[in-house]
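Here's the structure, in structure tokens; my notes come after.
Laboratory data are not the source of any read-out in this text; all were calculated from the coordinates shown. Since the model is a prediction, treat every value here as computed from it, not as a measurement. Methodologically, a virtual Cβ is constructed for each residue, glycine included, from the backbone with ideal geometry; neighbour enumeration extends over all protein chains shown.
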2 protein chains.
Amino acid sequence: MANNSPIKKSYTSQDVAAIAGVSQSTVSRVFAGNTNVSEKKRKKILAAAAKLDYKPNAHARSLITRKSMMIGIVMRNIRNPFYSAVLEIFHNRLSAKGYHLIFINSENEEIQEDEINRLLEYNVAGVIITDALLSSSASQKFKRYGISVVLFNRYTENLESSAVFCDNYMAAKQIATYLVELGHQSFAFISGPLDTSTTIDRLKGFKEVLEERKIKDLTIEPGHYTFESGFRSAQELLTKNKSIDCIIGGNDIIALGVMDAVRVLGLRIPDDISVVGFDNIRMAEWPSYSLTTWEQPLEEMTTSTVELLLQEIEEGNASSQVVMMKGHLVVRKTVRSRK
Amino acid sequence: MANNSPIKKSYTSQDVAAIAGVSQSTVSRVFAGNTNVSEKKRKKILAAAAKLDYKPNAHARSLITRKSMMIGIVMRNIRNPFYSAVLEIFHNRLSAKGYHLIFINSENEEIQEDEINRLLEYNVAGVIITDALLSSSASQKFKRYGISVVLFNRYTENLESSAVFCDNYMAAKQIATYLVELGHQSFAFISGPLDTSTTIDRLKGFKEVLEERKIKDLTIEPGHYTFESGFRSAQELLTKNKSIDCIIGGNDIIALGVMDAVRVLGLRIPDDISVVGFDNIRMAEWPSYSLTTWEQPLEEMTTSTVELLLQEIEEGNASSQVVMMKGHLVVRKTVRSRK
DNA sequence: ACTTTTTTTGAATACGTATTCATCCGCTAT
DNA sequence: ATAGCGGATGAATACGTATTCAAAAAAAGT
């Protein structure tokens, strides 16, 4: 079957100029938003452009201006609903400002390295990194090329990049205090990978409180930020150690896995075992779970991240800023007093 | 604090050429993969490039070749786990082929129109559309500009674009038959928006079987593809109509919402009410739900989509192809025989 | 009316690459 | 040795825009 709509070579500012009876420069000025064009010619140009359905070529523009309207977003686990939400929000915010999102998601470090190099080829205006492994080396690389970087929900020790994250240390302390004061005695913390700042801080805060309170019964089980990981870890723990009365998930997805493992074993939540998560993803409030968890202020965090990034991009602000936010405990139905 | 790593202007093929003692043309030939370069010079050039950490400028390349290595992916609801998974897989596949993904997600039609125009400015090599509203008008627009389009999980009546989707009509018929033969009498179908091919086909197949079997007790409740929508619809339906013994969700997320609504009302699944979904997202197999559902062959669908797209892009294959796949019923624990 | 200032305008150029075309070089075949 | 040939190379050019610079036009001031 023949293609009856022949491929239409797209028109250029030259074509528009010819129709409008002006020079290419003037057409360019109109579309670049550079003001100094008389109202009369502007109208003529816009009419001609509309007629041809003219759209400026972004590559040519990026080439000459040496900046693109693209922002890279690097993730590790888009299947985690927390990050799906994050992606959605970042897209909304940045799209409204006229930026395009280049999406990178990979658990494979090598592939990420590769893709990051390609981001450099595209001269992205900025990058948001929500992944731990790459935070340090990658952000240095971007900086060397003068590309703005903001870490989201992560930070690096030397604070060389801007970063937005929650005070996970304090959050964990508050959760621990809450649980201890309700009379829990035997804890298990099923965490994410031990190499992320998030995990480290949460564990640290939690441990500190238990030490202060002289509670020694704490099992730490590192895993991944997935349902399956939480499910399996909880199953193992509970078959080995019958005394556990409280399990903390490194994030909500882990906690949901824990809850299902507990139930499969015939135990009840919160009567037999309390469960707590982190993040307050939407599923946490689904009636089947009603998970008590720590809410990260997603809106504020994303807003702040975008602000920092655009500030660096548009104002060339090179000094890195760090924003640490508070969250708050959301009490639902997975924790019971044991006094 | 002063920025101690000054912004390094990135190097060009000219710079590499100067160091390697060759012309810019030859450097270009090496990086474009155009063979005809002597081994001796190639090595020199690669050495020089490595020394400068040279990366070809993608914009300049796109400008001259008139094609970019970017692919737009248009979604409507990334928070739906089915589409998170879809995005992940598309990213893996396309990234492996050297393409970058420009991600667009929006429920707002106007914003999407806007962004799609901007995709045109970037001269994307191809577009994957997983959204209904835009399927027709947008894909026509892309085609006019010679941009390849593949619809995923959607199709348009006139079949003007390539498309990959499941035979939702047959799937619904099989589900309906399965349920009827188990003795269900009173059905409710809580669907997604009525303007998507997916929804229409699923409803059509389902209705047909019930009509054949002379079952008239079917309530159709259109909504959105979200948990809340399923939850609320089920709640309303069940308080009004006590006789319902089976609820079908337009997708899994709706079905999960239905399940929670049923439970909140104190009814049991599957003893009092059977529930069925569509998609077989990961959560469907979580023990708390164990949802009986229809599996869409995600891997095959995405693989096929990528194949079609790359074929159109790389071979300039203009004729549109349509691939329709079968899925299969995944029986878990939310349906009981009522005979 | 005439200078001075400001705003508009177009010609020319640059961005960094791919590609055409002509040249050159090293070979083989005669 | 010379014609003929194929592969390797560089000069020049094009892609489509933004921007500089100088000239022209318009506006403002005297």
query = Taking N as the number of residues in chain A, what value does Rg over Cα atoms divided by 2.2 N^0.38 Å take?
reply = 1.28
note = Residues A:F278, A:F90, A:F165 in order from fewest to most other beta-carbon atoms within 10 Å are A:F165, A:F90, A:F278
ask   = Listed here are the pairs A:K141/A:K216; A:K333/B:K204; A:K40/B:K55; B:K97/B:K143; B:K240/B:K339; which of them are more than 32 Å apart at the Cα?
value = A:K141/A:K216; A:K333/B:K204; A:K40/B:K55
key: Highest-MSF residue in chain A out of A:P270, A:P81, A:P287 [GNM, Cα springs under 10 Å]   = A:P287
request  = Could you work out the per residue convex hull volume over the alpha carbons of the stretch A:169-300, in cubic angstrom?
outcome  = 99
message = Using Cβ counts within 10 Å as a stand-in for footprinting exposure, how do B:I248, B:I64, A:I273 rank, fewest first?
response = B:I64, A:I273, B:I248
task = Tally the DSSP beta bridges in the protein assembly as shown and give the antiparallel ones as a percent, rounded to 5.
result = 10
ask   = Which loop trypsin sites (Lys or Arg not before Pro) in the stretch B:85-126, with loop taken from DSSP, have no more than 16 other Cβ atoms within 10 angstrom of their Cβ?
value = B:K97
Pairwise centroid distance, computed over Cα atoms, of the stretch A:302-330 with the stretch A:58-101, Å = 16
ask   = Could you work out the helix-only [θ] at 222 nm for chain A, with each DSSP H run of four or more residues adding -39,500 (n - 2.57) and the total divided by the number of residues, to the nearest 500 deg cm²/dmol?
value = -14500 deg cm²/dmol
request  = Run down the aspartates and glutamates and flag those whose C-alpha is under 20 Å from the C-alpha of B:K43, throwing out any fewer than 8 positions away in its chain.
outcome  = B:D15, B:D53
Stretch in chain B that is longest and holds no GluC sites (Glu not before Pro) that DSSP places in a loop and that have at most 15 other beta carbons within 10 Å = B:158-339
key: Shortest-first nm distances, B:K67 label point to equivalent points in other copies (7 Å, Cα→Cβ)   = 3.2
